[in-house]
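Worksheet: one structure, shown below.
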Amino acid sequence: MEDCLAKKMEITVSEAEKRTGRNAMNMQETYTAYLIETRAVESQSEGQCAPVDSLWRRYSEFELLRNYLSVTYPHIVVPPLPEKRADFVWHKLSADNMDPDFVERRRIGLENFLLRVASHPILCQEKIFYSFLTQEGGWKEMVNETGFQLKADSRLKALNATFRVKNPDKRFTELKHYSDELQSVISHLLRVRARVADRLYGVYKVHGNYGRVFSEWSAIEKEMGDGLQSAGHHMDVYAASIDDILEEEEHYADQLKEYLFYAEALRAVCRKHELMQYDLEMAAQDLTSKKQQCEELATGTVRTFSLKGMTSKLFGQETPEQREAKIKVLEEQIQEGEEQLKSKNLEGRDFVKSAWADIERFKEQKNHDLKEALISYAVMQISMCKKGIQVWTNAKECFSKM
């Protein structure tokens, strides 16, 4: 971790800017660009102020970077991007992806994504990632030249590999079930939070009615007027404070959402292992079939029904020369198949070893982050309750002085 990029470079997504341009179809579109700023840490420690490098990136470029990392490092739980459009929000908050408040939260999420990658012991060393931070022009072409998309297309086979794997790894099966349950639990938690936020919004805003009523009432009272007016003022301040409070609460919701999307990243690692296991089983099955064919040709016996066996009966047996030639070809294919199977077994063991090391790293990170987020959320709720108690304590004092 001492060598990770996050220790050597300050990385921030400092601002977002709404822009208009033309897409690949030459149609006008409105999008948001994000300013990435980087600064070397080493020169700062020497008492010098390092210059800031900056460049603009669109959300789609962040998506391209993450897709590249997911394909290139199949054994890694690649950090997720923040949502493209708002979900699990309380109804007073806009779900428009161009809404300034949502864009600001997404800016924070994109910065967090970059810091996650820069702190990862393997991903931080990726040249494409470093170029993403430092090279604005030609970066997309550099990514496409890697040919990663060809590997990505091959992953389509993984969609059905799960149902065809004969001997799935129990650890990855359990991990997939865990990721499903984690996603379900966090989704439910976010829905509950949104409902609670709606109710809080209503309760706070209704206090504004107290403020209006007390203010109107104070106008017709002489002795009680000042106390009622002061109590009404406290109620108005309380009602107005909910907007900032719920904006802060959305920040904690975004921390939970990150792990909602991390669940999919976990499943992606499981699918990649299933595809490798499927390829291994197919290679073993093909090798067994060729060995059987070679044995049948050598002994002249056919163990199972085959089109080849029927052909021999109908049109006569092959000559010894023909049989020897086919046996030689099969022996070469068997040797090649055995080497391929050995290579796939070794690749599979390396994948499992690397994947579990990264999964353990992810678990430590997850436990730490979710613990902190839930504690912060609880502290915020306590603070809100104290604020409500203080408002009514102040109102009580106002009433006592009447």
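We did not get these values from a lab; they are worked out from the coordinates using the rules stated. Here the structure is a predicted model, which is why all the values come from computation and not from measurement. A quick note on method: Cβ atoms are made from the backbone with ideal geometry, for glycine too, and the neighbour counts reach across all protein chains shown.
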Note to self: Taking 60 Å as R0, compute the FRET efficiency from the Cβ-Cβ separation of residue 63 and residue 219 and round it to 0.05.
What the structure shows: 0.55
Next item on the list: Quote to one decimal, in nm, the extra length available between residue 188 and residue 150 on full extension: 0.36 nm per residue of separation minus the C-alpha distance between them.
Entry: 10.0 nm
Next item on the list: Using 0.36 nm per residue of separation minus the Cα-Cα distance, give me the extension gain between residue 108 and residue 19 in nm, one decimal.
Entry: 30.2 nm
Next item on the list: Please give the calculated 222 nm ellipticity per residue for the chain, where each DSSP H segment of at least 4 residues contributes -39500 (n - 2.57) and the sum is spread over every residue; nearest 500 deg cm²/dmol?
Entry: -24500 deg cm²/dmol
Margin query: For the chain, what does the relative contact order come out to in percent, with C-alpha contacts under 8 Å and a separation of six or more?
Written below: 18 percent
Check: Stretched out fully, how many nm does the piece from residue 53 to residue 299 gain, at 0.36 nm a residue minus the Cα gap?
Finding: 81.2 nm
Notebook entry, point to check: When the dipole is taken about the Cα centre of the chain, and only Lys, Arg (+1) and Asp, Glu (-1) are charged at their Cβ, what size is it in debye, to the nearest 20?
Noted result: 1260 debye
Checklist line | Pairwise FRET efficiency - residue 177 versus residue 387, Cβ, R0 = 41 Å, nearest 0.05 | finding: 0.45
Note to self: Rounded to whole Å, give me the distance from the Cα center of the range 264-287 to that of the range 179-198.
What the structure shows: 31 Å
Next item on the list: Compute the distance in nm between two label points, each set 7 Å from the Cα along the Cα-to-Cβ direction, one at residue 285 and one at residue 349.
Entry: 2.5 nm
Notebook entry, point to check: Taking the alpha-carbon centroid of each part, what is the distance from the range 222-236 to the range 104-143 in angstrom?
Noted result: 55 Å
Check: Cα axis of helix 100-119 to longest principal axis of the chain: angle in degrees, 0 to 90, nearest 10?
Finding: 50 degrees
Notebook entry, point to check: Which one of 242, 78, 284 is farthest out on the positive end of the charge dipole of the chain, using unit charges on Cβ (Lys, Arg +1; Asp, Glu -1) and the Cα centre as origin?
Noted result: 284
Check: Per residue, what volume in Å³ does the convex hull of the Cα atoms of the chain enclose?
Finding: 235 Å³
Next item on the list: Once you've got the Cα coordinates, tell me which of 7/151; 170/363; 176/366; 18/151 are over 27 Å apart.
Entry: 7/151; 18/151
Item checked: Folded to 0 to 90 degrees: helix 59-72 orientation relative to the chain principal axis, Cα -> 40 degrees
Notebook entry, point to check: At residue 240 and residue 226, where each label point lies 7 Å from the Cα along Cα→Cβ, what is the point-to-point distance in nanometres?
Noted result: 2.3 nm
